[in-house]
Amino acid sequence: MTTDRKTRLEQLSDAISARILVLDGAMGTMVQSYKLDEAGYRGERFKDWGRDIKGNNDILCLSQPDILLEIHKAYLAAGADILETNTFSSTTIAQADYGMEALAKEMNIESARIARQASAEAEAETPGRTCFVAGALGPTNRTASISPDVNDPGKRNTSFDELRVSYHEAIEGLIEGGVDLILVETIFDTLNAKAALFAVEDVFEQVGERLPIMISGTITDQSGRTLSGQTAEAFWNSVRHVDPFTVGLNCALGAEQLRPYVAELARLSDTNLCAYPNAGLPNEFGEYDQTPEEMGELIGEWAKDGLVNVVGGCCGTTPDHIHAIAEAIANKAPRPIPEVERKLRLSGLEPFALAS
């Protein structure tokens, strides 16, 4: 591990013990504000690409890096402590839709470097400030435990090994690009996440260093379950073995709807709690109407009640939302890590704890 990275991780440990940290907000929402057309996504490098690539936000690290740098800097100016790399879909599996599988590793390297550059510039502008970069691993557009065909329950469009190999390459790129943490996020299928976490451990062993791991699941609706059917507690039982730096929830729900599940994980998990909800629920046009002030007030209540250690925003959030959240949680104490009784804890769709 480089001296610089080791120092930042020591600073990260000190920071999260002292205060609630702020994660950035939505990348897709901000990219949409630039109203890029097909040519805008292509840039000079991909002007002759054989398929349409509009909507492939991850390719912007190669075709429009200045846009990503500008977005990252806006979130840092709003008060974010941790930037997520623009790599939600930077895996060979997800990039297959655009015929860009061969570019996946380069995308992870360059997106990490852009976020690292934004952090370095923010630190230079404010001596004594430390900013961190989390390498984002999204769920891909396939699921390892759910059939894509309602008429064939046993059908799968990917496998654990395919996911593991795809994630392995992405993680190598993120670490090469200079990330401080690995964020496995928007987990709708825990088996996909298990493949990502297996790959993370494999890469750590390969490179001879470990980074903190952030794990963030997605409760898809008011049923309180992930898409693959697990409750929040069962999900935690499934992933706690990797001793994550944070566990938590993001996406699908707004802060008001997500609160009971955040509170449940806050009670159950003996690690830091990270949550970054959407800006409310989408309207009939798929847009998010919750104002920064409304979202800040809701997340401020989470902080006041001692539920969180890291907060940020997902779909629909902007630097204004992150600024409001940062102000709402300022001077509020981070959640104390609870002592959880040691016992055998298993999970299927429901949790199981062996009675003492």
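Using the Karplus curve 6.51 cos²θ - 1.76 cosθ + 1.60 with θ = phi - 60°, what ³J(HN,Hα) values do you get for each residue of segment 116-125, in whole Hz, with x for Gly and Pro?
Listing the rounded values in order: 4, 4, 4, 5, 4, 5, 5, 5, 5, 6 Hz.
Provide the packing ranking of 207-213, 100-106, i.e. peptides ordered by the mean count of other C-beta atoms within 10 Å per residue, highest first.
Values: 207-213: 16.1, 100-106: 18.1.
Descending mean neighbour count gives 100-106, 207-213.
Provide the gained length on full extension for the span residue 70 to residue 202, in nm with one decimal, where the gain is 0.36 nm per separating residue minus the Cα-Cα distance. Working shown, then result.
Values: separation 132, 0.36 × 132 = 47.52 nm, distance 3.34 nm.
Answer, rounded to one decimal: 44.2 nm.
Compute a Gaussian network model of the chain, connecting alpha carbons closer than 10 Å, and tell me which residue from 267, 142, 51 fluctuates the most.
Result for the chain, Cα springs under 10 Å: 51 fluctuates most.
If you take the beta carbon distance between residue 344 and residue 176 as r and set R0 to 35 Å, what does 1/(1 + (r/R0)^6) give as a FRET efficiency, to the nearest 0.05?
Working: r = 39 Å, r/R0 = 1.11.
The computed FRET efficiency comes out at 0.35.
How far apart, in nm, are the 7 Å Cα→Cβ label points at residue 32 and residue 209?
In this crude spin-label approximation the distance works out to 3.7 nm.
I want to verify a result. In a Gaussian network model of the chain, Cα cutoff 10 Å, which of these has the top mean-square fluctuation: 138, 224, 296?
It is 224.
Evaluate E = 1/(1 + (r/R0)^6) for residue 5 and residue 45, where r is the Cβ-Cβ distance and R0 equals 22 Å; express this FRET efficiency to the nearest 0.05.
Working: r = 30 Å, r/R0 = 1.34.
Once the sixth-power term is evaluated, E becomes 0.15.
Roughly what % antiparallel, to the nearest 5, for the DSSP beta bridges in segment 3-353?
Values: 5 of 31 bridges.
Close to 15 percent.
Let me know the whole percent of all Cα-Cα pairs from segment 82-153 that are separated by more than 18 Å.
On the way: 1358 of 2556 pairs.
So the pairs more than 18 Å apart make up 53 percent of the total in segment 82-153.
Cross-link candidates for residue 332: which lysines have Cα within less than 20 Å, leaving aside residues fewer than 8 places away along the same chain?
Of all the lysines, those that pass the test against residue 332 - Cα under 20 Å, at least 8 places apart if same chain - are 304.
Which residues in segment 145-183 place their backbone N less than 17 Å from a point set 7 Å from the Cα of residue 241 along the Cα-to-Cβ direction?
Correct set: 160-161, 164.
Can you give the extra length, in nm with one decimal, that the chain gains between residue 126 and residue 333 once fully stretched, where that is 0.36 nm per residue apart less the Cα-Cα distance? Let's see the in-between values first.
Numbers: separation 207, 0.36 × 207 = 74.52 nm, distance 2.34 nm.
Value of the extension gain: 72.2 nm.
Expressed as a whole percent, how much of the Cα-Cα distance distribution for segment 221-356 exceeds 26 Å? Present the calculation step by step, with values, prior to reporting the outcome.
Details: 2300 of 9180 pairs.
That fraction is 25 percent.
Let me see the P(r) profile for the chain: every Cα-Cα distance counted, bins of 10 Å, each bin given as a percent of all pairs.
All Cα pairs, binned at 10 Å, distribute as 5, 25, 36, 26, 7, 1, 0 percent.
Any idea how far apart residue 101 and residue 161 come out in nm if each label point goes 7 Å out from Cα toward Cβ?
1.5 nm
Taking the Cα-to-Cβ direction at residue 141 and at residue 17 and moving 7 Å from each Cα, how far apart do the two end points lie in nm?
The answer from the label model is 4.5 nm.
Using θ = phi - 60° and the Karplus relation 6.51 cos²θ - 1.76 cosθ + 1.60, list the HN-Hα couplings for segment 230-237 in order, rounded to whole Hz, with x at every Gly or Pro.
So the J values, rounded to whole Hz, are 7, 6, 4, 5, 4, 4, 4, 4.
Amide H neighbours of residue 84 under 5 Å, at least 5 residues apart or on other chains, H built in the peptide plane: list them.
Correct list: 24, 134.
Values in this text are rule-based calculations from the coordinates and carry no lab data. This is a predicted model, so every value here is computed, not measured. Cβ coordinates were reconstructed from backbone atoms using ideal geometry, including for glycine residues, and neighbour counts include every protein chain displayed.
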